[in-house]
Amino acid sequence: MHAKFGHQPVLIVLCPDETTARWAARPITLGIPDYPSLTVRPLVLGPGNTPVVTDAKDVVRDVPMAIFSAITHSKSENVDAILKALATTLNTLDPNQATIYAELVEAGLGDTPAREIWRDLMSALLNFFRSEHAQRAFAEVRAEGQAEGQAQGQAVKGAKDVLRVLSLRGLEVTPETRERIEACKDLDLLDAWLDRAVTASRTEDLFADG
């Protein structure tokens, strides 16, 4: 990950009991005694340092943290409330994304009574996903997202066209002007600026009408 994508990898360990969490947090040194090659310091999440997330609003703000909360508190008396809040939020997500999250939670709960609670909640979730109403709703969301993405792509292209014409004509483009053109999402306005860029004697003429 570091070499190919430039990301900083982090080893995360999830522990449902505090004793294991303290043990797992100890650094691991690899290599010969006089010449260690690598020291691994896991980021350990356990019941002692992971919040109990039982409010659906908090789940919406940070779904991964809510998943960590469910797994690390899988043996606590609060797990029922945690799982219910998480399931409620998954009902509002795209089915594919929600399914991935649901499978992560089930795998993380291991062989605990909490897993059975989660499976019951997921049964209701799958019925929701299969409903005709839900399928229509998700289809509308996907269509809106695609339309928004297409519009954004056209706006980016329109801004590049305006800047290209100005450059070919040798007109000065200040950083402020470039920022204003690139930030514009109004396709009609970008078309008007492109037309003006062909005949403008200076860049400021593009914004003649404010």
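I want to confirm something. Restricting to the range 155-199 and keeping residues that are modelled with pLDDT of 85 or more and of a type in the set (S, T, N, Q), which single residue is farthest from the chain's Cα centre (by Cα)?
T174
Take the residues of the range 96-117 that are of a type outside the set (A, V, I, L, M) and closer than 17 Å to M65 by Cβ: which is most open to solvent (accessible area, probe 1.4 Å)?
Taking the range 96-117 first, the residues of a type outside the set (A, V, I, L, M) are 96-97, 99, 101, 103, 106, 108, 110-113, 115-116.
Right, trim to closer than 17 Å to M65 by Cβ and you get 97, 101, 108.
Values: Q97: 81, Y101: 46, G108: 33 Å².
Per the stated criteria, the residue is Q97.
How many residues, within the range 76-95, are assigned to a helix (DSSP H, G or I) and open to solvent by less than 40 Å² (accessible area, probe 1.4 Å)?
Matching residues across the range 76-95 total 9.
Among the residues of the range 168-184, which ones are outside any loop (DSSP other than H, G, I, E, B) and loosely packed, with under 12 Cβ neighbours inside 10 Å? I'd like the intermediate steps shown before the answer.
Residues of the range 168-184 outside any loop (DSSP other than H, G, I, E, B): 168, 175-183.
Hits for the range 168-184 are L168, P175, E176, E179, A183.
Identify all residues within the range 58-113 that are under 18 Å from the mean Cα position of the chain (by Cα), of a type in the set (V, I, T) and over 20 Å from T20 (Cα atoms); write none if there are none.
Those that are under 18 Å from the mean Cα position of the chain (by Cα), of a type in the set (V, I, T) and over 20 Å from T20 (Cα atoms): V59, V60, V63, T89, T92, T99, I100.
Cβ-Cβ under 6 Å, sequence separation 6+ or interchain: first residue in the range 2-23 and touching a residue at least 24 places away in the same chain (Cβ under 8 Å) and under 18 Å from P64 (Cα atoms), partner β-branched (V, I, T) and not in a helix (DSSP H, G or I). Which pairs?
Partner pairs satisfying both residue conditions: V13/V44.
The values are calculated or read from the model by the stated rules, or taken from the named source; none is laboratory data. All of these numbers come straight from a predicted model, not from anything done at the bench. Positions of Cβ are backbone-derived with ideal geometry, glycine not excepted, and every protein chain shown enters the neighbour counts. Heads up: the accessible areas ignore ligands, DNA and RNA and are worked out on the full protein's heavy atoms, side chains in. Shrake-Rupley method; radii C 1.70, N 1.55, O 1.52, S 1.80 Å.
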